Amino acid sequence: MSMLRPDLAAIARNVAPGSRVLDIGCADGTLLSHLREHNQVDARGMEIKPELVERCVARGLSVVQGDADRDLSEYPDKAFDYTILSQTLQTAERPDRMLDQLLRVGREAFVSFPNFAQWRTRTALMFGGRMPVTRALPVSWYETDNIHHVTIADFRELIAKMDVEIEGCWFFSGERAISGIGANWRAEFAVFKLSRND
């Protein structure tokens, strides 16, 4: 799994073989392709950018063009074993509504996101006085798709309010997995596996 980003590798390790998966914001289909090949899943995807949809389809992946903020509502309840939202939550119009849809459409959901409270980000803002460009957030504020600056602490508070269960969580600094101790300060990226008893 070395060719996958660390957050995607964590997700792939925790997707049961033979399951049904919807990857929302699947980009070029790297995770979908891996899951299809190594986990033998029924892998589907949704991507907003037409050029990325074309790349996925050219790879033989079942991917549709769609805007997750609006088009997830078209999927039936519990149509998938897992829904995946990797590095996309911070670009959603309403992350709370997005999470509701993820857990309606899938029995469980994986969500990964950059942690805006990581020490490099805090330091760059505090001492530079400008929105940071870091290893985890490599694009200037005016070029980024990020519209919400979510932290691990913010995310935990939101899912507690939504009565969502955490089934697992993984934290990363660069390519390296780290413990959950002080993750809001130390982690550049987080992955959560979520469920809800409906």
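Determine, yes or no, whether Leu4 is modelled with pLDDT under 95 and either crowded, with 21+ Cβ neighbours inside 10 Å or in contact with a His (Cβ under 9 Å, 6 or more places away or on another chain) (or both).
Judged against the criteria, Leu4 is a match.
With a cut-off of at least 1 residues that are among the aliphatic types (A, V, I, L, M) and modelled with pLDDT of 85 or more, name the helices (runs of 4 or more DSSP H) lying wholly within segment 44-160.
50-58, 68-71, 95-105
For segment 154-183, name all the residues that are polar (S, T, N, Q) and under 17 Å from the mean Cα position of the chain (by Cα). First the steps, then the outcome.
Just the residues of segment 154-183 that are polar (S, T, N, Q), to begin with: 173, 179.
Across segment 154-183, the qualifying residue is only Ser173.
State all residues of segment 14-29 that are outside any loop (DSSP other than H, G, I, E, B) and crowded, with 18+ Cβ neighbours inside 10 Å; if no residue qualifies, say none.
Hits for segment 14-29 are Val21, Leu22, Asp23, Ile24.
The values are calculated or read from the model by the stated rules, or taken from the named source; none is laboratory data. Just so it is clear, the model here is predicted, and its values are computed rather than measured. Glycine gets a Cβ as well: all are built from the backbone with ideal geometry, and neighbour counts include every protein chain shown.
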